[in-house]
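Have a look at the structure below, then the notes.
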Amino acid sequence: MKVGIISTFYKNYNYGGKLQAYALTKVLTNMGLEARQIQYSQHRKSTGSGRKLSKLLSSSDYRAAAVQKLTGKVLRRERASWRHRQLAFDCFDAQIPHTEKVYDDQSISQTNRSFDIFICGSDQIWNPMLLKRSYLLPFVETGKRRLSYAASIASRLDAHWQGAFQEALASFDAVSVRELQDQRELQTLLDKPVERTLDPTLLLRAEQWDELTVEPEERQPYLFCYFLGYDAAARRCVRTIARRLGLRLVTMPHMMGASGRFYPSDIGFGDKQVYDATPAEFIGYIKDATIVVTDSFHATVFSLLYQKQFLTLGRREHQEMSRRFEALLPLFGCTERFINGNYDLDKMTHLCEEPIAYNAENTELERMRQASLDYLWRNTHP
């Protein structure tokens with residue numbers, strides 16, 4: 001069976017978005033399915049340029065360059081440049097099966113010729129601020145299976161959006177979401193089960209991620225910081241914590257889409273700023289860190305998988321996104337590691353120093369992991 005996945009894969013320079021796409025495609029492939037990410041552009045009509053890029057990425061020379069980059073054999077450039085970030089992500093794309101052609105809302109129905117099953121997810125594809133019509137699979141022909149996997153709304157739905165989701169999801173064969181609150185809300189709108197499944201990155205264990213991870217060449221213990229938000233106060237707190245603990249501060253500035261722009265609050269933030277890391281290197285920086293401080297869902301996921309000392313900060317500019325951590329942190333017994341709004345430096349420093357008592361046998365995580373895999377299996381092997 002051929003499975004087409006539509007998510008935030010195309011031209012997405014967000015580490016978590018790219019890694020969830022990698023994980024879901026790999027899990028489905030391991031189930032014996034021919035799974036590919038659909039290159040879906042929200043902004044332009046389908047052209048041949050995507051095909052040219054895909055041919056470049058699949059060429060033997062480019063794959064060799066990508067492998068060199070991923071294994072750390074290419075000299076790292078120190079100059080802060082969005083081009084380096086884009087190159088790093090383009091290299092990583094060679095690791096994820098995807099369509100050659102780039103589709104838009106007008107042309108995406110052509111994918112019915114290539115796939116038997118369509119999956120939308122994971123990540124915030126259903127966030128009303130980001131939602132595009134194709135993320136609700138209206139283009140899928142009758143007779144082909146359509147389902148969501150760990151889709152995230154990440155905010156409350158008003159009456160308009162409730163009606164839109166109720167109508168669109170009525171034709172789905174199966175619905176699953178990532179957040180507990182999203183499950184509760186959608187279940188009131190639908191007469192079919194709404195299941196809660198793990199983010200795809202949690203379907204792979206740490207040792208499976210090790211097969212991909214590239215560890216950095218850092219000689220000194222460091223605090224790793226990755227912020228998606230722009231709060232300057234949060235950065236000042238992190239700088240102080242690193243200084244108090246005698247750790248080098250390594251940061252990875254967030255690039256805002258394909259714009260090539262970075263937050264002004266990231267300028268000069270950190271003893272070392274990493275601009276050209278691939279997603280595989282992103283995991284490596286988390287794995288080798290002494291402490292991780294982040295506001296990112298996926299940076300938190302990898303901190304948990306690698307059992308790191310960490311703090312997750314709520315984004316004061318987007319408080320509604322805090323709901324993403326409501327189910328994740330209790331799964332690991334780490335709710336106290338979430339700091340939402342009040343930056344108490346003494347408390348935060350103490351938490352960074354206090355070891356987390358990770359459970360070597362996390363039975364609830366394993367139960368959720370198996371339930372999520374079962375959901376994928378039974379809905380892709382009818």
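The table below lists the values:
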{"quantity": "Identity of the residue in region 191-219, closer than 22 Å to Leu19 by Cα and more than 20 Å from the chain's Cα centre (by Cα), that ends up surrounded by the most Cβ atoms within 10 Å (Cβ to Cβ)", "calculated": "Pro216"}
{"quantity": "Residues being closer than 21 Å to Arg378 by Cβ and either assigned to a loop (DSSP other than H, G, I, E, B) or touching a Ser or Thr at 6+ places or on another chain (Cβ under 7 Å) (or both) - total across region 154-172", "calculated": "3"}
{"quantity": "Test: residue in region 173-187 that is part of a loop (DSSP other than H, G, I, E, B) and farther than 30 Å from Asn342 by Cα", "calculated": "yes"}
{"quantity": "Yes/no for Lys287 being at negative phi, outside the structural domain of Thr197 (by TED's automatic domain parsing), without any contact (Cβ under 8 Å) to a residue 40 or more places away in the chain and of a type in the set (Lys, Arg)", "calculated": "no"}
{"quantity": "Residue that is nearest to the chain's Cα centre (by Cα) [pool: residues in region 220-249 that are closer than 19 Å to Val301 by Cβ and part of a strand (DSSP E or B)]", "calculated": "Tyr226"}
{"quantity": "Number of positions in region 185-234 that are in contact with a Ser or Thr (Cβ under 6 Å, 6 or more places away or on another chain) and of a type in the set (S, T, N, Q)", "calculated": "1"}
{"quantity": "Residues within region 2-36 that are surrounded by fewer than 21 Cβ atoms within 10 Å (Cβ to Cβ) and β-branched (Val, Ile, Thr), tallied", "calculated": "2"}
{"quantity": "Options Tyr226, Tyr263; residue that is modelled with pLDDT under 90 and in the same structural domain as Gly284 (by TED's automatic domain parsing)", "calculated": "Tyr263"}
{"quantity": "Selection count where residues are of a type outside the set (Val, Ile, Thr) and over 29 Å from Gln183 (Cα atoms), scope region 314-367", "calculated": "13"}
{"quantity": "In region 188-215, the residues that are in a strand (DSSP E or B) and among the hydrophobic types (A, V, I, L, M, F, W, C)", "calculated": "Val194"}
{"quantity": "Any hit, region 354-363, residues being part of a helix (DSSP H, G or I) and modelled with pLDDT of 95 or more", "calculated": "no"}
{"quantity": "Filter result (exposed (fewer than 11 other Cβ atoms within 10 Å of the Cβ) and touching a residue at least 24 places away in the same chain (Cβ under 8 Å)) within region 341-364", "calculated": "Gly341, Pro355, Ala357"}
{"quantity": "The listed residue being closer than 14 Å to Tyr226 by Cβ and touching a helix residue (DSSP H, G or I) at 6+ places or on another chain (Cβ under 9 Å), out of Thr335, Thr349, Thr294", "calculated": "Thr294"}
{"quantity": "Residue match in region 90-101 (condition: more than 20 Å from the chain's Cα centre (by Cα) and over 30 Å from Glu326 (Cβ atoms))", "calculated": "yes"}
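Residue-wise test of (1) surrounded by 15 or more Cβ atoms within 10 Å (Cβ to Cβ); (2) under 16 Å from the mean Cα position of the chain (by Cα); (3) in contact (Cβ under 8 Å) with a residue 12 or more places away in the chain; (4) over 21 Å from Gln42 (Cα atoms).
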site	(1), (2), (3), (4)
Ser122	yes, yes, yes, no
Ser134	yes, no, yes, no
Phe139	yes, no, yes, no
Gly143	no, no, no, yes
Leu147	yes, no, yes, no
Ala150	yes, yes, yes, no
Trp161	yes, no, yes, no
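The values are calculated or read from the model by the stated rules, or taken from the named source; none is laboratory data. Source: prediction; values computed, not measured. Quick reminder, even Gly has a Cβ in these numbers, built from the backbone with ideal geometry, and neighbours come from all protein chains shown.
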